[in-house]
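To keep things clear, I will list the structure first and then write my remarks on it.
What follows is calculated from the coordinates using simple rules that are stated; it is not laboratory data. The shown structure was predicted, so the numbers you read here are calculated from the model rather than taken from an experiment. Positions of Cβ are backbone-derived with ideal geometry, glycine not excepted, and every protein chain shown enters the neighbour counts.
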Amino acid sequence: MTKFSNNFQKVSVIIPAYNKEQNFEKYLQILHQQLEKIPYDYEVVIVNDGSNDQTLKKALNYIQNNATTKFRILSYPLNVGKGFALCYGFTQTSGDPIVFFDADLDLHPRQIHLLLEYLIQYDADIVVGSRRHPDTQSNYPWLRRHLSRIYQLIIRLLFGLNIRDTQLGLKIFRRQVLETIIPRLTIKQWVFDVEVLIAAYQNGFTKIKEAPIVLTYQKFNSTVNIGTIFNICKDTLAIFYRYYLKRHYQKPFRVNPFLYPPFPQND
């Protein structure tokens, strides 16, 4: 079992953003304020995942207006998916640990502090924000809450992954974990969060801790539909196939071209 150092020099925060123009500058301002309070250097990599609204413009405005060199933008014209954005963003970071954080204010950026504390306190490989931690405060919609419970039960039955919430968009990783597993990942969108945790667990990174969060859900018009559920099931079965039949996540790997977008960047 790997023993990690907790002498962090720099924390890298990766923000995948697709059509997040509403309140995006406010979100970046609050994130900036909270990161200034942590006792480490930091960098923020915003990945504009093919947005067709003003997300990129809002991010550029914030960086230019605040003259910050700690925020950078990566952008490409096609919407590929959250998993792709996070993996590509990781290739452009230099910090340790790495934070995956969704680009909205449902989760306040101050919660990054608590997950960092958990990472140190438990000498964990990964810390995930969890809606089902006993100390969590959440106003998550009824339908989404119960669909999520059913899906987590399926994940536990299929893979034995004893984590109560795999899907929340706040996770912190030791850099070594992502360096080991990202070249093995294949899911770009629907169940990327599950694949990350399963690949980590199968490669010996089993110290995964769940941390409480405060979730103020702001969009009650659920985007869950039959098509979404079908795609989630399809991708979950694809992970099952790779996990049990191909033993994909433990095989020696080659550089995965999935990590490098075949289109121009707008930095």
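For a quick check of your reading of the filter: which trypsin sites (Lys or Arg not before Pro) in segment 1-79 sit in a DSSP loop and have no more than 12 other Cβ atoms within 10 Å?
LYS3, LYS37
Treat the chain as a sphere of radius equal to its Kirkwood radius over Cα pairs and apply Stokes-Einstein at 20 °C in a medium of 1.002 mPa s; give the translational diffusion coefficient in µm²/s, rounded to a whole number. After rounding, the answer is 113 µm²/s. Annotation: amide H of LYS20 within the under-5 Å range of THR55, sequence separation 5 or more or interchain, hydrogens built in the peptide plane. How high is the relative contact order of the chain? Use alpha-carbon pairs under 8 Å, at least six apart in sequence, and give a whole percent. Once normalised by length, the contact order is 23 percent.
The charge dipole of the chain, taken about its Cα centre with unit charges on the Cβ atoms of Lys, Arg (+1), Asp and Glu (-1) only, comes to about 720 debye. Both radii were evaluated on the Cα set of segment 50-139; the Rg over Rh quotient, with Rh as the Kirkwood radius, amounts to 0.99. Between amide H atoms placed 1.01 Å from N, distances below 5 Å from ALA211 occur with VAL128, GLY129, SER130, all of them 5 or more places distant or on a separate chain. Check each of the chymotrypsin sites (Phe, Trp or Tyr not before Pro) in segment 40-127 and keep only those in coil by DSSP with at most 16 other C-beta atoms within 10 angstrom; list them in order. Of the chymotrypsin sites (Phe, Trp or Tyr not before Pro), the ones in loops of segment 40-127 whose Cβ has at most 16 other Cβ atoms within 10 Å are TYR40, TYR122. Taking amide H as placed 1.01 Å from N in the peptide plane, the amide H of PHE71 sits under 5 Å from that of VAL44, each at least 5 places away or on another chain. Taking 23 Å as the straight-line reach from the Cα of LYS171, the lysines in range (excluding those fewer than 8 positions away in the same chain) are LYS3, LYS10, LYS20, LYS26, LYS37, LYS70, LYS82, LYS188, LYS207, LYS209, LYS219.
Backbone phi angles across segment 170-184, fed through the Karplus curve with coefficients 6.51, -1.76 and 1.60 (θ = phi - 60°), yield HN-Hα couplings of 9, 9, 10, 10, 5, 4, 4, 4, 5, 4, 6, 9, 4, x, 9 Hz in residue order; Gly and Pro are listed as x. Across segment 10-17, coupling constants 3J(HN,Hα) worked out from phi with the 6.51/-1.76/1.60 Karplus curve, θ = phi - 60°, read 8, 9, 9, 10, 10, 10, x, 9 Hz, and Gly and Pro carry x.
Taking every DSSP bridge with both residues inside the chain, close to 25 percent are antiparallel. Along the chain, counting only GluC sites (Glu not before Pro) with a DSSP assignment other than H, G, I, E or B and at most 16 other Cβ atoms inside a 10 Å radius, the longest segment between sites is 37-267. A simple count of charges around LYS37, restricted to other residues whose Cβ falls under 15 Å of its Cβ and scoring Lys, Arg +1 and Asp, Glu -1, yields -1.
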